[in-house]
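Structure, as structure tokens:
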Amino acid sequence: MTTHRKPDAADHAEPELQRHFDATIARDQRVEPRDWMPDGYRRTLIRQIAQHAHSEIIGMQPEGEWITRAPSLRRKAILFAKVQDEAGHGLYLYSAAETLGADRADLTERLIEGRQKYSSIFNYPTPTFADVGVIGWFVDGAAICNQVPLCRSSYGPYARAMVRVCKEESFHQRQGYELLSTMMRGTGAQRAMVQDAVDRWWWPSLMMFGPPDGDSPNSAASMAWKIKRHSNDELRQRFVDMTVPQAEKLGVTLPDPELRWNEERGRHDFGTPDWAELTRVIRGEGPCNAQRMERRRRAHEDGAWVREAATAHAAKRRARADEGAAA
Ligand code: BYC
């Protein structure tokens, strides 16, 4: 049993400012970077936004592996654009974290040293091209369920970043579904490939929403602060309800014998994900954690010269501007 994290006492050090902050949240208005905010609120946002940014960047890897092997020019162009969008999402999110006083280089260090997390879902392998379709359909579908409510998150820069991200995620999900529909109209081997990918990605996709509500230590405070608008279990349920009819239309079976429509609840009942697996993957013991981190570290090292050149260029421009101002 976990204890729920509450806004701590230090957060209430400045009663007037605290009252103003509470009123902003109660009125469903946005908190902006210039506003006073409790330390816990700032810390929680930096944690979640940084993890989200890291997920977008690490999330480029599983599909990125297929760019050179996409079966046609059209599929290659689509996949290229999608993976590039994910890099863009990472950049908006790091910028949003910077408005809270975080330093992007420091966040990257924390990821690389294993002190900050990224989504469990990106630690699973992509052995076939059907995985590209299923990632679009399930993973981007789950991302939409999770992120559409974040467009109403109480922190302005995060909420605004989510608006654009969600528009792009919708395109990503449709491209995944369209790819799978094409494969399902193909050969028996292609249909089997789609079903195999569905079987492998279903449960990890449900785990993306985080631990069950009773084991989610951050939810109470995050929901009180209106950073999160819905609980992990509520969003997981929405994802299941949205995906089941899509699976029927596509002609695939979701690998859960307990999945059925519950007339009384007006929602689907479904089985329990293997929470021990989620814990293991978050701890770094998933099938691809080591590979993902190794590649991320290597990309960071390989990019050192770009960062040095950009820093030198910025310094030169500043010096020229100063000279110009002095003349
Ligand atoms: N994986 O108290 P909880 C994308 C951690 S990328 C790893 O419920 P919270 C895409 C959690 O951080 C989209 N860790 O936490 C990109 C916490 O640990 P700490 C990624 C997880 O924050 C490329 C602990 O477990 N989406 O769409 O209230 C291609 C307890 O959890 C996971 C986001 O980042 C997990 N699955 O709720 C395609 C969305 N789940 O930090 C697609 C933004 C939980 O206390 N994030 N943990 O050490 C969120 O909405 C929330 O952070 C979560 C977790 C729902 C994920």
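The values are calculated or read from the model by the stated rules, or taken from the named source; none is laboratory data. Given the structure is predicted, the values throughout are model-derived calculations rather than measurements. In this analysis, Cβ positions are derived from the backbone assuming ideal geometry, glycine residues included, and neighbour counts consider all displayed protein chains. These area figures cover heavy atoms from the full protein model, side chains too; ligands, DNA and RNA do not enter into them. Shrake-Rupley method; radii C 1.70, N 1.55, O 1.52, S 1.80 Å.
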Label point 7 Å out from Gln18 along Cα-to-Cβ: which residues of the range 30-47 have amide N under 13 Å?
37-41
If you stretched the chain out fully between Ile112 and Thr311, how much longer would it get, using 0.36 nm times the residue separation minus the C-alpha to C-alpha distance?
69.5 nm
What FRET efficiency do you get for Glu32 and Arg298 if R0 is 41 Å and r is their Cβ-Cβ distance, rounded to the nearest 0.05?
0.65
Carbon/sulfur accessible area of the chain, % of total, 1.4 Å probe, equals 55
Determine by what factor the alpha-carbon radius of gyration of the chain differs from 2.2 N^0.38 Å, reporting the quotient.
1.09
If the convex hull of the alpha-carbon atoms of the range 1-131 is projected onto planes in all directions, what is the mean projected area in square nanometres?
11.4
Calc'd 3J(HN,Hα), the range 25-36, phi into Karplus 6.51 cos²θ - 1.76 cosθ + 1.60 (θ = phi - 60°), Hz, glycine/Pro = x, comes to 5, 4, 7, 6, 8, 8, 8, 10, x, 6, 7, 5
List the residues, sorted by chain then number, that are 5 or more residues from Gly286 or on another chain and whose placed amide H is less than 5 Å from its amide H.
none
Two-site label geometry, Ser95 and Arg164: point separation in nm, points 7 Å out along Cα→Cβ
0.5
Considering only Cα-Cα distances, which of the following residue pairs are longer than 32 Å: Lys76/Lys228; Lys226/Lys249; Lys117/Lys249; Lys117/Lys167; Lys76/Lys167; Lys167/Lys316?
Lys76/Lys228; Lys226/Lys249; Lys117/Lys249; Lys167/Lys316
Please identify, among Gln237, Gln291, Gln51, the residue showing maximal mean-square fluctuation in a Gaussian network model of the chain using a 10 angstrom Cα cutoff.
Gln291
In whole Hz, the Karplus estimates of ³J(HN,Hα) for the range 277-294 (6.51, -1.76, 1.60; θ = phi - 60°; x where Gly or Pro) are 5, 4, 4, 4, 5, 5, 6, x, 10, x, x, 10, 3, 4, 5, 4, 5, 4
Find how many whole Å separate the alpha carbon centroid of the range 248-327 from the alpha carbon centroid of the range 122-165.
10
Out of residues 5 or more away from Ile227 or on other chains, whose amide H comes under 5 Å of its own, with H placed 1.01 Å from N in the peptide plane?
Ser154
Computed [θ] at 222 nm, deg cm²/dmol, the chain (DSSP H ≥ 4; -39,500 (n - 2.57); rounded to nearest 500)
-20000 deg cm²/dmol
Could you pull out every residue, at least 5 positions away or on a different chain, whose amide H is within less than 5 Å of the one on Arg267? Hs are placed 1.01 Å off N in the peptide plane, and Pro or chain starts have none.
Asn262
The range 85-92 - phi-based ³J(HN,Hα) in whole Hz, Karplus 6.51/-1.76/1.60, Gly and Pro as x:
4, 5, 4, x, 4, x, 5, 4
